[in-house]
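Below is one structure, written out as structure tokens; the observations come after it.
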Amino acid sequence: MAVAPTIKRSGRRDWPFSDDMEQHADRLLAIEPFVSMDQQRLAKLREILLHDTRVRTFKKGEMIVRQGDYGTSAFMVLSGGARVVLNPELPRELLGRRAQEKKPFWRILAQLWSGRRPPESFNTRELQLDARVRANTETGENVRVYLQDVPRILDEHQTAVMAPGEFFGEIAALSRMPRTATIFADEEPTEMLEIRWQGLRDLLRYDARLKEHIDKIYRERALASHLRAIPWLQHLDEAAWKVVLEQTEFGTYGDYDWSGEYKQLLREGKATRPNEPVIAHEGDYPNGVIFVRAGFARITQSYGRGEKTLSYLGAGQHYGLQEVAHNWRNPENPISLQRTVRAIGYTHVLIVPTAVIEQWVLPTMPAKFLPAELQPPAPRRTSEPTTRISSDMMEFLSENRYFNGRATMLIDLDRCTRCDDCVRACATAHDNNPRFVRSGPIHSNLMVANACMHCADPVCMIGCPTGAIHRSEAGGQVVINPITCIGCKACFNNCPYDAIRMVEIRDRKGAIVVSSDMKPVLKATKCDLCVEQIGGPACQRACPHGALTRMNMGDLEEFTAWVGR
């Protein structure tokens, strides 16, 4: 009988963001915004700073964040200065981008023999707590990228300087979205306070004044870049832009930790819609055009005594322009909102008031962007794309929130022969460790398998104390680092789609690995979309009948075409 190997069980306190914050804590508590926070709970504030922040020093020209990277932390300038690149964007090669590293050919061949290994087996030496690994808590930080010719960049690109006390990166950290701009150190040295998102969330709960401070910064800096990306607003002159930016309203609906409540409702068999706050209600006067900044919203219409789902909105999409434009062109025959908009999960919105749209946007809007007029009581239309998906299929997708998936595993049960080639291919690609289960909710002939969907809003990342579950910097896949995973089950409990499993790991001889208290060591495991494989997802490539696909559910037209093959 094999002797069970033991390793030290790690916990949250084993993975602070930095090991040297004791020397910085008092200095931080003496500056804004921390000095103005609730001093009666000073111990709690100090604990957050000690555990969830770190001080980093950058040389002039060194990148602090890069546009397109998936951020999980925010920054505050402590000393020196930082510069943000506004327009045009820096070229890809200047950002130090490179292709995602794939497994070399010899390792791919070796996978054919990996079935001899015990499932979920690791070299236990790789799982020992290591101070060197703990100090390097963010993937990719061992390689720093510098801008070699800063003066030339300043000549060719519009930039803005951020001084001590300014925050940036908080939107990406809290909404699990890519960074919207590249920021580099403008002086040497530049000292930054980095706050991982768990600590930023706690700080926002700790004192409302920090939220007000962050909202003010967002209005001054990020709002313009977000709205200027909208095609039908790009014709505005500076006077119009000034009014639009000043009058835009912010709104947040739902709960950041929405997945726990959602899963509880599913277990109880209750409908989820009562827990979806209304952003705009059918029949109300259109007070403005709603832009989804982050998250998702459901578009519904009255149907009998209830509602039916017509579509949904994701980040960058909008609702209400058609009604506002109709009333502007037909002031004698105004109409109300034709649809209801409900937040799903946690949704950030921007609202440009109707008066601003009518006075500053519509009079100069190019004709190609003007929406078609509505003619009640003729069949109502929306500005959102229409599809040929049946209403019951739309309800199935919406009630289960599958549109969150960027790589959802769909199986056509009419074509699937249950040969399990997809599962075997997955196991082969992951050293005899299959990363999904070929089962899941079924509607008609469509199964949505319990495989990681690599969500646009990956709520599984909420609550991970060590950052073990994170976005791949190259492709945005949601992956888990087994070394820093402490088996706390936070991601397992948060995932709304049952796509994460907790497994008892083994050594190469097949013996269960236990901690010093002789309890099995658990690790979270899930599909990584074959991020290291040259050919992409092995499950899809292995299906001999074309029954399985990985699909971005944000593209309803692609989904419709696949279902209707």
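The values are calculated or read from the model by the stated rules, or taken from the named source; none is laboratory data. This structure is a prediction, so every number in the text was calculated from the model and none was measured. Cβ sites come from the backbone with ideal geometry, for glycine too, and all protein chains shown count toward neighbours. The protein model used for the area step is the full one, side chains on, heavy atoms only, and it has no ligands, DNA or RNA in it. Shrake-Rupley method; radii C 1.70, N 1.55, O 1.52, S 1.80 Å.
Before moving on, here are some points about what is shown:
- Qualifying positions in segment 256-302 - at pLDDT 80 or above and surrounded by fewer than 20 Cβ atoms within 10 Å (Cβ to Cβ): PRO277, VAL278, HIS281, GLU282, GLY283, ASP284, TYR285, ASN287, GLN301, SER302
- Residue check, CYS455 out of contact with any His (no Cβ under 9 Å at 6 or more places or on another chain), closer than 23 Å to ARG201 by Cβ, modelled with pLDDT under 85 and not β-branched (Val, Ile, Thr): no
- Test: ILE351 is of a type in the set (Val, Ile, Thr), open to solvent by 10 Å² or more (accessible area, probe 1.4 Å), outside any loop (DSSP other than H, G, I, E, B) and closer than 17 Å to THR248 by Cβ: yes
- Just one of the numbered conditions (1) within 21 Å of ILE442 (Cβ to Cβ); (2) open to solvent by 40 Å² or more (accessible area, probe 1.4 Å); (3) at pLDDT 85 or above is not true of PRO363: (1).
- Residue list for segment 444-464, filter: under 24 Å from ASN494 (Cα atoms) and more than 17 Å from the chain's Cα centre (by Cα): MET447, VAL448, ALA449, ASN450, ALA451
- Looking across segment 31-57 at every residue that is acidic (Asp, Glu) and open to solvent by less than 60 Å² (accessible area, probe 1.4 Å), the one that is nearest to LEU200 (Cα to Cα) is identified as ASP52.
- Residue list for segment 132-161, restricted to those being in a helix (DSSP H, G or I) and either modelled with pLDDT of 70 or more or closer than 16 Å to ALA185 by Cβ (or both): VAL150, PRO151, ARG152, ILE153, LEU154, ASP155, GLU156
- The conditions of being closer than 20 Å to TYR346 by Cα and of a type in the set (Lys, Arg) are met by ARG471.
- Among the residues of segment 240-255, just one is in a helix (DSSP H, G or I), touching a residue at least 24 places away in the same chain (Cβ under 8 Å) and either in contact with a Lys or Arg (Cβ under 6 Å, 6 or more places away or on another chain) or open to solvent by 60 Å² or more (accessible area, probe 1.4 Å) (or both), namely GLN247.
- Boolean, ASN481 is touching a strand residue (DSSP E or B) at 6+ places or on another chain (Cβ under 9 Å), without any contact (Cβ under 8 Å) to a residue 60 or more places away in the chain and either polar (S, T, N, Q) or open to solvent by 50 Å² or more (accessible area, probe 1.4 Å) (or both): no
- Subset tally (residues that are in contact (Cβ under 8 Å) with a residue 12 or more places away in the chain, out of contact with any helix residue (DSSP H, G or I) (no Cβ under 7 Å at 6 or more places or on another chain) and either of a type outside the set (A, V, I, L, M) or crowded, with 18+ Cβ neighbours inside 10 Å (or both)) for segment 431-443: 2
- Exclusive hit being under 30 Å from MET394 (Cα atoms) and either modelled with pLDDT of 85 or more or out of contact with any Lys or Arg (no Cβ under 8 Å at 6 or more places or on another chain) (or both), set ALA561, ALA511, ALA524: ALA561
- Taking the numbered list (1) of a type outside the set (Val, Ile, Thr); (2) assigned to a loop (DSSP other than H, G, I, E, B); (3) touching a strand residue (DSSP E or B) at 6+ places or on another chain (Cβ under 8 Å) in turn, PHE492 passes all entries but (2).
- Of residues in segment 316-336 being open to solvent by 10 Å² or more (accessible area, probe 1.4 Å) and not polar (S, T, N, Q), the one nearest to the chain's Cα centre (by Cα): GLY316
- Residue satisfying condition, being at pLDDT below 90, crowded, with 17+ Cβ neighbours inside 10 Å and not in a helix (DSSP H, G or I), within set LEU78, LEU86, LEU90: LEU90
- Test set (1) surrounded by fewer than 19 Cβ atoms within 10 Å (Cβ to Cβ); (2) of a type outside the set (Val, Ile, Thr); (3) outside any loop (DSSP other than H, G, I, E, B) - GLY165 fails condition number: (3)
- Total residues in segment 522-565, condition in contact with a strand residue (DSSP E or B) (Cβ under 6 Å, 6 or more places away or on another chain) and open to solvent by 50 Å² or more (accessible area, probe 1.4 Å): 1
- When residues of segment 181-203 are limited to those that are surrounded by 17 or more Cβ atoms within 10 Å (Cβ to Cβ) and assigned to a helix (DSSP H, G or I), the one nearest to the chain's Cα centre (by Cα): TRP197
- Among the residues of segment 350-358, none qualifies, meaning not one is under 30 Å from ARG550 (Cβ atoms), modelled with pLDDT of 90 or more and among the hydroxyl-bearing types (Ser, Thr, Tyr).
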